[in-house]
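> What follows is a structure written as structure tokens; I'll ask about it next.
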Amino acid sequence: MAKFAANLSMMFNDAPFTERFARAAQAGFKGVEYLFPYDESVKELAALLRKYQLTQVLFNMPAGDWRSGDRGMACLPGCEKVFAEGVYKALEYALTLDCKQVHAMAGKLDGQFTKKQQRECYITNIQYAADVMVEHDISVLIEPINTQDIPDYFLTTQNQAEELLKVIDRKNVFIQLDLYHCQIMGGNLLRTIERLWGKFSHIQIASVPERHEPDSGEVNYFWLFRKLDEMGYQGWLGCEYHPVGHTEEGLGWLLKAQS
């Protein structure tokens, strides 16, 4: 049976962030994920998780100045010190929240550097993060993101992520397999899942092309859920989508998926 985690950065967003935990639990979710926790007290977040018996599944490492357009720093030469500081900030939160996965956003291509320079920087930074996190049994995730949502993003395809995994060569680095991005960048979802089996530790879902509830759009998620069950997937499915309206009103898909 699939395990679904509500993405609190996108869902229940008609309420203040700290009130979304209760809404997620009441809606039937057992886990939560979100983009960034750093504006909140880590102790308060931990208390909310305990109160509502929720598992913290995933969050992102610091990714620079989000409002100014930063989308990670891992591939940016010259930002190694800031990236390293972010690793330890994420570790602080992960330990307190008992979170076993953190996502390191890659960042964007920068014309003042060659692609080779950015690739080498990315590999070194992910290796560094992995070596810090492995001492605490925490995995570092890398996620290909489609070129429509984030133009010029460094990491865009599953093939690229698979190749980078080989070079990074760390046992606690996995792909964050977002099927929304994957479908836009190439599709063939089941065969991609089969090929990458053992190389990803977290899956995210949303409709394509609108990134709404997974029971709309061009992907038959219910069929994929059954296939994942048959294959023995033990990880979480992160619901990283924008609800069409009030979040609870669109959760009929969740009841169907859990029946």
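The values are calculated or read from the model by the stated rules, or taken from the named source; none is laboratory data. Only a predicted model underlies this, so the values are computations on that prediction, with no experimental measurement involved. Note: ideal-geometry Cβ built from the backbone for every residue, glycine included; neighbour counts use all protein chains shown. Only protein heavy atoms, including side chains, enter the accessible area calculation; ligands, DNA and RNA are left aside. Shrake-Rupley method; radii C 1.70, N 1.55, O 1.52, S 1.80 Å.
> Taking amide H atoms as placed 1.01 Å from N in the peptide plane, list the residues 5 or more away in sequence, or in a different chain, whose amide H sits under 5 Å from that of residue 175.
For residue 175, whose amide H was placed from the backbone, the distant partners under 5 Å are 142, 200, 201.
> Follow-up. I need the shape label for the range 199-255. Rule: rounded when a/c is under 1.5, else prolate if a/b > b/c, else oblate, with a, b, c from the alpha carbon gyration tensor.
prolate
> Leaving out ligands, DNA and RNA, what percent of the accessible area of the chain is carbon and sulfur, probe 1.4 Å?
That share works out to 48 percent.
> Which of these, 68, 201, 139, has the largest mean-square fluctuation under a Gaussian network model of the chain (Cα springs below 10 Å)?
Highest fluctuation of the listed residues: 68.
> Give, rounded to the nearest 20 debye, the magnitude of the charge dipole that the chain has about its Cα centre when Lys and Arg contribute +1 at Cβ and Asp and Glu contribute -1 at Cβ.
Dipole magnitude for the chain comes out near 480 debye.
> Something else about it: Check residue 237: other-chain or 5+ apart residues with amide H under 5 Å from its amide H, H built from backbone geometry?
For residue 237, the qualifying residues are 3, 4, 5.
> Hey, can you list the DSSP H helices of the chain whose Cα span along the axis is 20 Å or longer and whose average Kyte-Doolittle score is at least -1.0?
80-97, 115-134
> From the phi angles alone, apply the Karplus equation (6.51, -1.76, 1.60; θ = phi - 60°) to the range 251-259 and give each ³J(HN,Hα) in whole Hz, x where the residue is Gly or Pro.
8, x, 4, 5, 4, 5, 5, 8, 8
> Run through all the Cα pairs of the range 3-258 and give the fraction in each 5 Å bin from 0, expressed as whole percent.
Binned Cα distances yield the sequence 1, 6, 14, 18, 20, 18, 14, 7, 2, 0.
> Among 225, 59, 154, which one moves the most in a GNM of the chain with springs linking Cα atoms closer than 10 Å?
Among 225, 59, 154, the largest GNM mean-square fluctuation belongs to 225.
> How big is the accessible area of residue 248 in square angstrom, nearest 10, if you roll a 1.4 angstrom probe over the protein chains?
70 Å²
> After finding the eigenvalues of the alpha carbon gyration tensor for the range 1-91, what semi-axes result from the square roots of 5 times each, listed largest first in whole Å?
27, 13, 13
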